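Presented below is the structure to which this report refers.
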Amino acid sequence: MPKVSQKGISMPESPIRKLVPYAEAAKKRGINVIHLNIGQPDIKTPQVALDAVKNHNLEVVEYSRTEGSEEYRTKLAAYYAKYNIHVDANDIIVTTGGSEALSFTIGSITDFGDEIIIPEPFYANYNGFSTAAGVNVVPIISKIDDNFALPSIEEFEKLITKKTKAILICNPGNPTGYLYTPEEIAKLAAIVKKHEIFLIADEVYREFTYDNRSHYSILQEPGLEENAIVVDSVSKRYSMCGARIGCMVSKNKELIKTAIKFAQARLSPPTFAQIASEAALETPQSYFDEVKEEYVGRRNLLIRELEKIEGVTIGRPQGAFYCIAQLPIEDSDHFAQWLLNDFSINGETVMVAPAAGFYASEGYGKNQVRIAYVLEKESLKRAVGILKEALKSYKG
């Protein structure tokens, strides 16, 4: 009998999506499932992006350029300039989502058996992309008691070997909502320059920072031109997750030249989605001001309600729209499945993402869940109420 690859067997399941069959089964039983598990905002996509697709005059949906249309990349460069990030169109490769940008990045800078250091908990797919490339994730633990602050540089130094090719961060963070300070970016910059490795930053949540704090990009850090790689996406910024348009940005010419070869192998990014994404760049600042205000309100409500539950510890997000909650349980995988299979209140239950899948270190996150506060406040409050009652009933 033919066998699948060992690499395929090693691919981790998504902690966000692996419970979907149980959620679908609950819905078939008539249960309303409140989704706290996935970062799919309920915010409306900017009308300017939708209109651009509706009103197109294409007669043939052709391939675009491998690196994305020049018009879109030029406008992207102008967008970055607003954030004091100075790049040009040739520093940008448009990709099919931020996921492909990260895949191209890992493919371009690593060989089989190489290592990437990642502060954990981290976006679960970092594990998947690394496994697919035959690359080893070397985790460095950040703790909920420190609100997931960056570990000391000394801790990073201990982990660097001849096989280390990069440090990867998410800023603001998924799943923690942690926002890196300019001082922390400067410390990371110093260490990657010292060891001649790359610093990769997933910056897809750039617009969503709170408490009067601002995002500081690694592309703003002086002297990091050859080391910095930014992964970006329209998915969360414009609530366009289904468009699947992202980009890879770097001033390292050799890296971009290499990544384009990976991009050529998949031909081109999708045409209609680029049309929508280019138009989305015209979205007024008022849109982001309103969205940010909404997320701050949701975050504050979520934390306030979670803090009412005995035994729960919460990391306070400073950006993005996720938080990690530590629950008075032993196994969040079992608890999350139990919520969908065996528990409901007034015909409703909640779906959370077990946090162990956001760690590479064995045994970490077993009593934690990631909650995405992407739903309107009434649904969030109701969901936390269900969670509170579930914890009282759970015997796992």
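The values are calculated or read from the model by the stated rules, or taken from the named source; none is laboratory data. What you are looking at is a predicted structure, and each value in this text was computed from that prediction instead of being measured. Here the Cβ positions follow ideal geometry from the backbone for every residue, glycine too, while neighbour counts run over all protein chains shown. Accessible surface areas use protein heavy atoms only, side chains included; no ligands, DNA or RNA. Shrake-Rupley method; radii C 1.70, N 1.55, O 1.52, S 1.80 Å.
For the range 1-133, the Cβ-based charge dipole about the Cα centre amounts to some 820 debye (Lys, Arg positive; Asp, Glu negative; other atoms uncharged).
Taking 0.36 nm per residue of sequence separation and removing the Cα-Cα distance, the residue 282/residue 38 pair yields an extension gain of 85.1 nm. Loop-located GluC sites (Glu not before Pro) in the range 245-326 (DSSP state other than H, G, I, E, B) with a sparse environment of at most 15 neighbouring Cβ atoms within 10 Å: 282, 307, 310. Over the residues of the chain, the helix contribution to mean residue ellipticity at 222 nm works out to -11500 deg cm²/dmol, using -39500 (n - 2.57) for each DSSP H run of at least 4.
Using the empirical formula 2.2 N^0.38 Å as the baseline, the Cα radius of gyration of the chain reaches a ratio of 0.98.
Normalised Debye scattering of the range 176-299 at q = 0.21 Å⁻¹ gives log10 I(q)/I(0) of -1.28, counting only Cα atoms as equal scatterers and leaving out solvent. Considering only alpha-carbon pairs that sit under 8 angstrom and 6 or more positions apart, the relative contact order computed for the chain is 25 percent. Under the criterion of Cα pairs below 8 Å and six or more residues apart, the relative contact order for the range 280-326 equals 24 percent. Inter-label distance, residue 241 to residue 395: 3.5 nm, where each label sits 7 Å from its Cα along the C-beta direction. Annotation: per residue accessible area for the range 144-185 equals 40 Å², rounded to a whole number [probe 1.4 Å, protein chains only]. Around the Cα centre of the chain, unit charges on the Cβ atoms of Lys, Arg, Asp and Glu (plus for the first two, minus for the last two) sum to a dipole of about 760 debye. Taking a sphere under 12 Å around the Cβ of residue 169 and counting the other residues whose Cβ falls inside, with K and R at +1 and D and E at -1, yields a net charge of -3. Taking 0.36 nm per residue of sequence separation and removing the Cα-Cα distance, the residue 313/residue 61 pair yields an extension gain of 85.6 nm. Note: the range 249-396, Cα convex hull, 197 Å³ per residue. Charge dipole (Cα centre; +1 on Lys/Arg Cβ, -1 on Asp/Glu Cβ; no other charges) of the range 268-365 amounts to roughly 220 debye. Given R₀ = 25 Å, FRET efficiency for residue 161-residue 13 by Cβ-Cβ distance, to 0.05? Taking R0 as 25 Å, the efficiency between residue 161 and residue 13 is 0.30. If you take the square roots of the eigenvalues of the alpha-carbon gyration tensor of the range 209-265 and sort them as a ≥ b ≥ c, do you get rounded (a/c under 1.5), prolate (a/b over b/c) or oblate? Oblate, because a/c is 1.5 or more while a/b does not exceed b/c.
Calculated FRET efficiency, residue 226 to residue 20, Cβ-Cβ distance, R0 = 45 Å: about 0.60 to the nearest 0.05. With the charge dipole of the chain set up from +1 on Lys and Arg Cβ and -1 on Asp and Glu Cβ about the Cα centre, the Cα lying farthest toward the positive end among the listed residues 96, 126, 352 is that of 352. The ellipsoid equivalent to the alpha-carbon distribution of the range 142-211 has semi-axes of 22, 14, 11 angstrom, derived from the gyration tensor eigenvalues as √(5λ) and listed largest first.
Sparse packing (at most 15 other Cβ atoms within 10 Å of the Cβ) combined with a DSSP loop state is found for the following GluC sites (Glu not before Pro) in the range 144-248: 196, 225, 226.
Between the beta carbons of residue 272 and residue 111, assuming R0 = 51 Å, the FRET efficiency works out to 0.90 to the nearest 0.05. Here the convex hull built on the C-alpha positions of the range 269-332 has a volume of 123 cubic angstrom per residue.
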